[in-house]
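Report on the structure given below.
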Amino acid sequence: MAFELPDLPYEKNALEPHISANTLGFHHGKHHQGYVNKLNAAVEGTDLENKSLEEIIKMTSGDTAKQGIFNNAAQVWNHTFYWHSMRPNGGGAPNGPVADMIARDFGSYEDFKAAFKEKGTSQFGSGWAWLVKAGDKLHVTNTLNAHTPVEEAEATPLLTMDVWEHAYYLDYQNDRGGYIDHFLDNLVNWDFANKNL
């Protein structure tokens, strides 16, 4: 069964002015769709054809002969997770159980913000910044290109921020830090993080 591009969980203009409808149109409609198309073409007629995204990611991670399949499967998964990591009128201090864990594991929400922003800005080239739960603690981490915590059995992703240039360049040009500030202050979907927790 072929993979399909999932709908955005909000209208294309719902994240404005922080992320424009123009950016979402290209990012979701072109980039994400492109990963879906390439994944379907790559797995058609193979033993991976009827596997879930998570199974494909785990089965191809680290296999250089299947790097293209891994890249596209992981990017389909990461982008779907990213859309849900944001919401209109989101951002700011968290609530619920994740707020308690952030205070416990980072010291304060401000300390978490600083750590998350550092992971996003220090990611050389393309990649992702993540809030994950590993064991009974929260951590911030970053991954290169298509890599994802889904590859690691012990890490549960709670939310992610895309730091590939196509996520922010139309709106922020080369100001990745400005994009990250808007993501944290205005877009983070803490309800989604709590659900994943």
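Roughly how many nanometres apart are two label points built 7 Å out from the Cα toward the Cβ at Asp7 and Asn22?
Output for this residue pair reads 2.7 nm.
What FRET efficiency would be calculated for the residue pair Leu144, Ala14, taking the C-beta separation as r and a Förster radius of 30 Å, to the nearest 0.05?
Efficiency at R0 = 30 Å is approximately 0.50.
I'd like the Kirkwood hydrodynamic radius of the stretch 48-124, using the inverse of the mean 1/r over distinct C-alpha pairs, in Å.
15.2 Å
Contour minus end-to-end for Ala99 and Glu44, with contour as 0.36 nm per residue of separation and end-to-end as the Cα-Cα distance? Can you show the working numbers first?
Working: separation 55, 0.36 × 55 = 19.80 nm, distance 4.30 nm.
Full-extension gain reported as 15.5 nm.
If one takes the longest principal axis of the Cα atoms in the chain, at what angle in degrees, from 0 to 90 and to the nearest 10, does the Cα axis of helix 96-106 lie?
The angle comes out near 80 degrees.
Greater than 23 Å separation of Cα atoms is the criterion. Which listed pairs, Lys51/Lys137; Lys38/Lys66; Lys113/Lys137; Lys137/Lys195; Lys38/Lys113; Lys117/Lys137, meet it?
Lys51/Lys137; Lys38/Lys113
Roughly how many Å is it from the Cα centre of the stretch 1-40 to that of the stretch 140-197, as a whole number?
Using only Cα atoms, the two centres lie 15 Å from each other.
With unit charges on the beta carbons (Lys and Arg positive, Asp and Glu negative) and the dipole taken about the Cα centre of the stretch 21-84, which residue among Val36, Ala65, Asn22 sits farthest to the positive side?
Positive-end residue among those listed: Asn22.
Could you give the length gained by full extension between Gln67 and Lys30, i.e. 0.36 nm per residue of separation minus their alpha carbon distance, to one decimal place?
Working: separation 37, 0.36 × 37 = 13.32 nm, distance 2.10 nm.
11.2 nm is the gain from fully extending Gln67 to Lys30.
For Glu54 and Ser108, calculate 0.36 nm times their separation in residues minus their Cα-Cα distance, and state this gained length in nm to one decimal. Present the calculation step by step, with values, prior to reporting the outcome.
Values: separation 54, 0.36 × 54 = 19.44 nm, distance 3.26 nm.
Difference between extended and current length: 16.2 nm.
Between Lys195 and Thr121, how many nm apart are label points set 7 Å from Cα along the C-beta direction?
3.1 nm
Could you give me the radius of gyration and the Dmax of the chain, taking only the C-alpha atoms into account and expressing both in angstrom?
In order Rg, Dmax, the Cα atoms of the chain give 16.4, 51 Å.
None of the figures in this text is laboratory data; all of them are computed from the coordinates on show. This is a predicted model, so every value here is computed, not measured. Methodologically, a virtual Cβ is constructed for each residue, glycine included, from the backbone with ideal geometry; neighbour enumeration extends over all protein chains shown.
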